[in-house]
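Peer 1: Just passing along the structure, written as structure tokens.
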Amino acid sequence: MAHKVTIVVRPRTGNRCPVTATGKNDPVGSYFLRHCVSGKSVYSAPMESYDEAYAAKITLENKLQIEARGGVVPEEVPAAPKMHRCDAAVKSYVAWLRTAKKKNGRFYTKSSIKAREAHIAKFLDFCKLAYIEQISRTTLLQYKEHLESDLANDTVINNLMSITSWMRKNQLVKIVGLLEIDDWPASEPSHANPYHPEEIKKMMAVATDEEHLLLKGLIHVLRTSTLNNKSSFRRQVANL
């Protein structure tokens, strides 16, 4: 008795019910293998492409035929984890940046995207690694040390943020948590007093009562926001 194995695709939008896949004009979604066991449909783990599902279909049909004849299926050697080339990950990341919106609802500017590309390119030229999965915490710390030899801390931070954002937001594989909070350089201290005390006194001396209140509020806001810069940075890093 032949064991029928069908390739189906579950659409990501609209009706999510699996439909038979042909490899041509299939809806965008995940591919599965479906076959019956004791009258019940059994589905495989999701796959990314029709070609991957087709190869798995041939393997499963052979396995089911051997088992149906009372044979023993040889134990499979676990497949090596899939690796993703750095250049492909960069390409997918740049494509995502061109359509993604930041938290403020604005798109990334061309200059911002170009700067991130340049940071990543310099890093890849330094580490000489072909696959993004090969990048480790040690790799990032070595690059950080390399940058710190002639760049200011804030510039080093910007470079590392571009790299960790790429590793996290590229559309091929998500890699997070390589750097710990204490691995990041200390942010350059900001000056908490944008005006000298004498300048403040002179402004207050000629200000009306209403302007006096406005100036006091403005100076308080400037000082508070500046002093909070470091804790704000730590929160950003924690979300990388």
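Bear in mind that the values in this text are calculations on the coordinates, not laboratory data. It should be emphasised that the depicted structure is a prediction, and the values quoted were computed from it without experimental measurement. Virtual Cβ from ideal backbone geometry, glycine too; neighbours counted across all protein chains shown.
Peer 1: Can you tally the net charge around His84? Count Lys and Arg as +1, Asp and Glu as -1, for every other residue whose Cβ sits under 15 Å from the Cβ of His84.
Peer 2: Summing Lys and Arg as +1 and Asp and Glu as -1 gives +2.
Peer 1: Additional query: Taking 31 Å as the cut-off for C-alpha to C-alpha distance, list the pairs among Lys102/Lys216; Lys57/Lys103; Lys103/Lys174; Lys103/Lys202; Lys24/Lys103 that go past it.
Peer 2: Check vs 31 Å cut-off fails for Lys102/Lys216; Lys57/Lys103; Lys103/Lys202; Lys24/Lys103.
Peer 1: Okay, moving on. If r is the Cβ-Cβ distance from Lys202 to Asp154 and R0 is 41 Å, what FRET efficiency results, to the nearest 0.05?
Peer 2: It comes out at approximately 0.80.
Peer 1: At 20 °C and 1.002 mPa s, grab the translational diffusion coefficient of segment 10-136 from Stokes-Einstein with a Kirkwood Rh over Cα pairs, rounded to a whole number in µm² per second.
Peer 2: Estimated via Stokes-Einstein, D reaches 113 µm²/s.
Peer 1: Need the full-extension length gain, Phe126 to Val19, defined as separation in residues times 0.36 nm minus the C-alpha distance. One decimal, nm.
Peer 2: Full-extension gain reported as 33.8 nm.
Peer 1: Which residues' amide hydrogens lie under 5 Å from the amide hydrogen of Tyr131, considering only partners 5 or more residues apart or on another chain, with H built in the peptide plane?
Peer 2: It is Cys86, by chain and number.
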